[in-house]
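K.L.:
Take a look at the following structure, please.
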Amino acid sequence: MTINQKPILEIKNLNTYYGNIHAVKNISLEINRGEIVTLLGSNGAGKTTTLHTISGLLKATSGEINFEDQSIQKLSAHRITALGLAQSPEGRQIFANLSIKENLDMGAYLRKDSDGIKKDLDFVYNLFPKLLERKSQLAQTLSGGEQQMLAIARAYMAKPKLLLLDEPSLGIAPILVGTIFRAITEINQLGMTILLVEQNANLALKISHRAYVLTNGEITLQGKSSELLSNPEIKKAYLGN
């Protein structure tokens, strides 16, 4: 995957409150086209709040969010989605009473390119064969891991320029975590830029290009993922060493 050094997303001095809590404190980061960038941090560090602010589900108190050189921090979530940004949320939030195929169709609802939709549907079925096997089943009948596959596939079907993944391994059986991370890598190799929030720091750093560490809403470390893997602070805090 070729990395383009021109950022697709730039965040400058961003502040967001979650209720009365100052959850994101003056953070700045950027994501280049073609990268997987990981956002690490303990529970309550502000990771999900950051993703929700980018995607328009929360409004920033101050700061700038520029997506493809366009200011988006004041746009509604559906307008941001239409610009080419999709999120696979924490907890999956699939449409439980719709079939797998209907969930995937919902992911592509803004698209008009029927040939492209069919091609991408074939891709996600190849990526996650269990979804093809069970495409007519209601989504609520799937296991937690299968629901996570569906959430990622549904977000992919929007064919975003930037894909936000929030805790894709959370609550997933270990045997399926490897499948999900291989899929993330394959999606990136096709050219999709990814911002990944993930509790499994070891796996996240192994598949990503760069990483930022959030502590109490502030960025305290950043750098190449390969370098952070050997950072003593990261080892102690996130890798169990």
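K.L.:
Bin width 10 Å, origin at 0, all Cα-Cα pairs of the range 1-147: what percent of pairs per bin?
P.N.:
10, 31, 33, 22, 3
K.L.:
Fewest first, what order do THR48, THR81, THR38, THR61 take by the number of other Cβ atoms within 10 Å?
P.N.:
Going from least to most buried by this count: THR61, THR81, THR48, THR38.
K.L.:
Cα atoms only: what Rg and Dmax, in Å, come out for the range 97-189?
P.N.:
12.4, 37
K.L.:
What is the order of MET157, MET106, MET149, MET192, fewest Cβ neighbours within 10 Å to most?
P.N.:
MET106, MET192, MET157, MET149
K.L.:
As a test, work out the antiparallel percent of DSSP beta bridges whose residues both lie in the chain, rounded to the nearest 5.
P.N.:
60
K.L.:
Assuming 0.36 nm per residue, please report the length gained on full extension of the stretch ASN216 to SER28 beyond their Cα-Cα distance.
P.N.:
66.2 nm
K.L.:
So, one more: 222 nm [θ] for the chain, helices only, -39500 (n - 2.57) per DSSP H run of 4+, per residue, to 500?
P.N.:
So the calculated ellipticity at 222 nm is -10500 deg cm²/dmol.
K.L.:
Work out the count of Lys pairs in the range 126-241 where the Cα-Cα distance is under 17 Å, with the pair 8 or more places apart or on different chains.
P.N.:
Lysine pairs meeting both conditions in the range 126-241 amount to 4.
Bear in mind that the values in this text are calculations on the coordinates, not laboratory data. Values in this document were obtained by computation on a predicted structure and should not be read as measured data. So basically every Cβ, Gly included, is an ideal-geometry build from the backbone, and we count neighbours across all protein chains shown.
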